[in-house]
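The values are calculated or read from the model by the stated rules, or taken from the named source; none is laboratory data. All values derive from a computational prediction rather than experimental measurement. Cβ sites come from the backbone with ideal geometry, for glycine too, and all protein chains shown count toward neighbours. To get the accessible areas, we keep the full protein, side chains included, count just its heavy atoms, and leave off ligands, DNA and RNA. Shrake-Rupley method; radii C 1.70, N 1.55, O 1.52, S 1.80 Å.
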Amino acid sequence: MPQITVDYSERLAGHFDRPGFAKALHTATVDIAAAKPPACKTQFRRTEDTVVGPDTEAHAIVHVTIGLLAGRTDETKARLTEQVLELLRQYVKPAEGLALHASAEVRDLDASYRKYDA
């Protein structure tokens, strides 16, 4: 915990400072949601195809999902979500003519969540 997943369009690969974003997001998650630094884990998943409405060109998407252990208030989750969007503004610089669609969601992990660290 927290489990962070970042889905992003392939078109952003050269325009998204992923390590910088992850480090800044981990810091924000510790500050806002009281997570422990070594517990922050982020996976990036590049998607090949992006379609927005009828358009298959000129768009890119970034969606961040953060799963936290239950117990954070809705206010805490909203603050963290807003911070994610602010960090995306800083760390994603899409190419000229590419419309960026950025979104984020902070949710509770299911009660069945377990982890194993080796």
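Given ALA104, ALA78, which one is out of contact with any Lys or Arg (no Cβ under 7 Å at 6 or more places or on another chain) and open to solvent by less than 50 Å² (accessible area, probe 1.4 Å)? Let's see the steps before the verdict.
Values: ALA78 fails: open to solvent by less than 50 Å² (accessible area, probe 1.4 Å).
Checking each option against the conditions leaves just ALA104.
I'd like to check something: does the stretch 21-32 contain any residue that is of a type in the set (Gly, Ala, Ser), closer than 23 Å to TYR116 by Cα and surrounded by 12 or more Cβ atoms within 10 Å (Cβ to Cβ)?
We begin by selecting, within the stretch 21-32, every residue of a type in the set (Gly, Ala, Ser); these are 22, 24, 28.
Imposing the further condition that a residue be closer than 23 Å to TYR116 by Cα reduces the set to 22.
Within this subset, residues satisfying the condition of being surrounded by 12 or more Cβ atoms within 10 Å (Cβ to Cβ) are 22.
So far as the stretch 21-32 goes, yes, one or more of its residues are of a type in the set (Gly, Ala, Ser), closer than 23 Å to TYR116 by Cα and surrounded by 12 or more Cβ atoms within 10 Å (Cβ to Cβ).
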Tally the residues that are among the small types (Gly, Ala, Ser) and more than 14 Å from the chain's Cα centre (by Cα), restricting the search to the stretch 68-118.
8
Could you check, for the stretch 33-40, whether at least one of its residues is open to solvent by less than 30 Å² (accessible area, probe 1.4 Å), without any contact (Cβ under 8 Å) to a residue 40 or more places away in the chain, within 19 Å of ASP7 (Cα to Cα) and out of contact with any Leu (no Cβ under 7 Å at 6 or more places or on another chain)?
yes
In the stretch 44-61, how many residues are under 11 Å from ALA13 (Cα atoms) and either surrounded by 14 or more Cβ atoms within 10 Å (Cβ to Cβ) or out of contact with any strand residue (DSSP E or B) (no Cβ under 9 Å at 6 or more places or on another chain) (or both)?
4
Test for LEU25: is it assigned to a helix (DSSP H, G or I), out of contact with any Ser or Thr (no Cβ under 8 Å at 6 or more places or on another chain), touching a residue at least 60 places away in the same chain (Cβ under 8 Å) and on the phi < 0 side of the Ramachandran plot
no
Counting only residues that are under 25 Å from LYS115 (Cα atoms) and either exposed (fewer than 15 other Cβ atoms within 10 Å of the Cβ) or of a type in the set (Phe, Trp, Tyr) (or both), the stretch 9-20 contains a total of 1
